[in-house]
Amino acid sequence: MLNTANGFAFRCPFQMCFATKSIERTGAHSHIRGLGLKENLEPLWSSDGMVGQSVARSAAGLIVRMIKDERIAGRALLITGDPGTGKTAVAMGISKAIGDDTPFVSISASEVFSVDVSKTEALMQAFRRAIGIRIKEETEVLEGEVVQVEVDRPASGVGPKVGKLTLKTTDMEAIYDIGNKMGSGKITKMIQKRVENTQTVSLHDIDAINSRSHGYLAVFSGDTGEIKNEVREQINKKVTEWRQENKAQSFRNNELKEILTIRANDENVEVEDDAFEVLQRISKDSSLRYAIQLISVADVIRQRRKGEKVSPADLKKCFGLFMDVKRCKNQLKTNKGDFINDE
């Protein structure tokens, strides 16, 4: 503290602060961040950690674009070449170009041979480590400034402690009773929010967790051992249920009409406006593929009656002649005993 003519001046100590560096293990391909391509799939000389192999990178970029456009799925890509030519680097670039959370697993031939795990099991675990799934969860979060915390402790010092927590924001305020579950009590104003969290895990992680008790420890240690096929079948069944629950968004009415119009023009079929509405209802009730297939059949019926355009009556006749998947299933269940194989 210094004494000056105007008063007192305080000297504050100056302290240097350094950011903590993140510790990451450096691997042979940890510098790869993508394929280093332009928008037209033309490779740059040096970009995203990739240098050289221009033709292979362009071909890999085409594969990545087809995957993002959902044109190919469930296919295997074979990359061959001499040792040290960048095969693993191109594979790593493909995974990074698809997405940062895309799992990438690299194994060597020596990892397949083990005393504890068979070769089939080692390959199966490697395949399932390379398959990632996104799990979405919605949780309730309390956001706000902690204004007051009151904790009532028992006089004996034994027993649960209860209290009161006050949270507030600029326009809301809430009071919660602190106990075994902090959500019970009187709430004056709601400041709860539902937050959606997305986690990316691999199928092997789920297998290891469900393989035995305290299986989550095996995810960190890596000592998973043999995993039974029954466990994997249950996991596959559960993942399929998760996919069915998160259904894709259906087409809107204007989108359906545009698709059906393009298909009718492609087949040189003139359709009445009322018939387009019938096709839209059919595509919603059964499927868009079934509605598209009815266009050419209805045109044949239109030619037989020598009409100018396909009418709703032509579509209704086709709908009665050819069954969709739903009606076919109901027909098989109803007349189950009339078929040779009634299982």
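The values are calculated or read from the model by the stated rules, or taken from the named source; none is laboratory data. The structure displayed is predicted, hence computed values, not measured ones. Positions of Cβ are generated from backbone atoms using ideal geometry, with glycine treated the same way; all protein chains shown enter the neighbour counts.
Taking Ser283, is it surrounded by fewer than 17 Cβ atoms within 10 Å (Cβ to Cβ), in a helix (DSSP H, G or I) and hydroxyl-bearing (Ser, Thr, Tyr)? So Ser283 fails the test.
Looking at the structure I just gave you, is Gly81 modelled with pLDDT under 85 and over 24 Å from Val201 (Cα atoms)? Don't jump to the end; show me each part of the working.
Numbers: modelled with pLDDT under 85: yes; over 24 Å from Val201 (Cα atoms): yes.
Considered against the rule, which asks whether it is modelled with pLDDT under 85 and over 24 Å from Val201 (Cα atoms), Gly81 comes out as yes.
Condition (residue is out of contact with any Cys (no Cβ under 7 Å at 6 or more places or on another chain), of a type in the set (A, V, I, L, M), surrounded by 17 or more Cβ atoms within 10 Å (Cβ to Cβ) and outside any helix (DSSP H, G or I)) applied to region 109-117: is it met by at least one residue? I'd like the intermediate steps shown before the answer.
The first filter runs over region 109-117 and keeps only residues out of contact with any Cys (no Cβ under 7 Å at 6 or more places or on another chain), leaving 109-117.
Next, only the ones that are of a type in the set (A, V, I, L, M) stay: 109, 112, 115, 117.
Applying the additional criterion that residues be surrounded by 17 or more Cβ atoms within 10 Å (Cβ to Cβ) yields 117.
Next cut, outside any helix (DSSP H, G or I) only: 117.
Yes; the residues of region 109-117 include at least one that is out of contact with any Cys (no Cβ under 7 Å at 6 or more places or on another chain), of a type in the set (A, V, I, L, M), surrounded by 17 or more Cβ atoms within 10 Å (Cβ to Cβ) and outside any helix (DSSP H, G or I).
Could you tell me whether any residue of region 286-302 is surrounded by 17 or more Cβ atoms within 10 Å (Cβ to Cβ) and part of a loop (DSSP other than H, G, I, E, B)? Within region 286-302, one or more residues are surrounded by 17 or more Cβ atoms within 10 Å (Cβ to Cβ) and part of a loop (DSSP other than H, G, I, E, B).
Can you find a residue in region 145-153 that is part of a loop (DSSP other than H, G, I, E, B), closer than 30 Å to Lys68 by Cβ and modelled with pLDDT of 70 or more?
Narrowing region 145-153 to residues part of a loop (DSSP other than H, G, I, E, B): 153.
Going one step further and asking which of them are closer than 30 Å to Lys68 by Cβ, we end up with none.
Scanning region 145-153, I find no residue that is part of a loop (DSSP other than H, G, I, E, B), closer than 30 Å to Lys68 by Cβ and modelled with pLDDT of 70 or more, so the answer is no.
When region 77-109 is filtered for residues that are among the hydroxyl-bearing types (Ser, Thr, Tyr) and more than 15 Å from His31 (Cβ to Cβ), the ones remaining, listed by number, are Thr80, Thr85, Thr102, Ser108. Considering Ile67, Ile107, Ile79, Ile32, the condition of being hydrophobic (A, V, I, L, M, F, W, C) and within 20 Å of the chain's Cα centre (by Cα) is satisfied by Ile67 alone. Could you check, for region 125-133, whether at least one of its residues is in a strand (DSSP E or B), surrounded by 10 or more Cβ atoms within 10 Å (Cβ to Cβ), among the β-branched types (Val, Ile, Thr) and at pLDDT 75 or above? Looking for residues that are in a strand (DSSP E or B), surrounded by 10 or more Cβ atoms within 10 Å (Cβ to Cβ), among the β-branched types (Val, Ile, Thr) and at pLDDT 75 or above, one finds at least one in region 125-133, hence yes. Count of region 253-275 residues, restricted to those that are surrounded by fewer than 18 Cβ atoms within 10 Å (Cβ to Cβ) and either on the phi > 0 side of the Ramachandran plot or among the hydrophobic types (A, V, I, L, M, F, W, C) (or both), is 4. The residues in region 78-96 that are touching a residue at least 24 places away in the same chain (Cβ under 8 Å) and not in a loop (DSSP other than H, G, I, E, B) can be counted, and the count is 7. Screening Lys329 on (1) under 16 Å from Arg263 (Cα atoms); (2) under 33 Å from the mean Cα position of the chain (by Cα) shows it passes everything except condition (1).
Going residue by residue through region 327-343, is there one that turns out to be in a helix (DSSP H, G or I) and buried (at least 16 other Cβ atoms within 10 Å of the Cβ)?
Residues of region 327-343 in a helix (DSSP H, G or I): 327-334, 336-338.
If we keep only those that are buried (at least 16 other Cβ atoms within 10 Å of the Cβ) too, we end up with none.
No, region 327-343 contains no residue that is in a helix (DSSP H, G or I) and buried (at least 16 other Cβ atoms within 10 Å of the Cβ).
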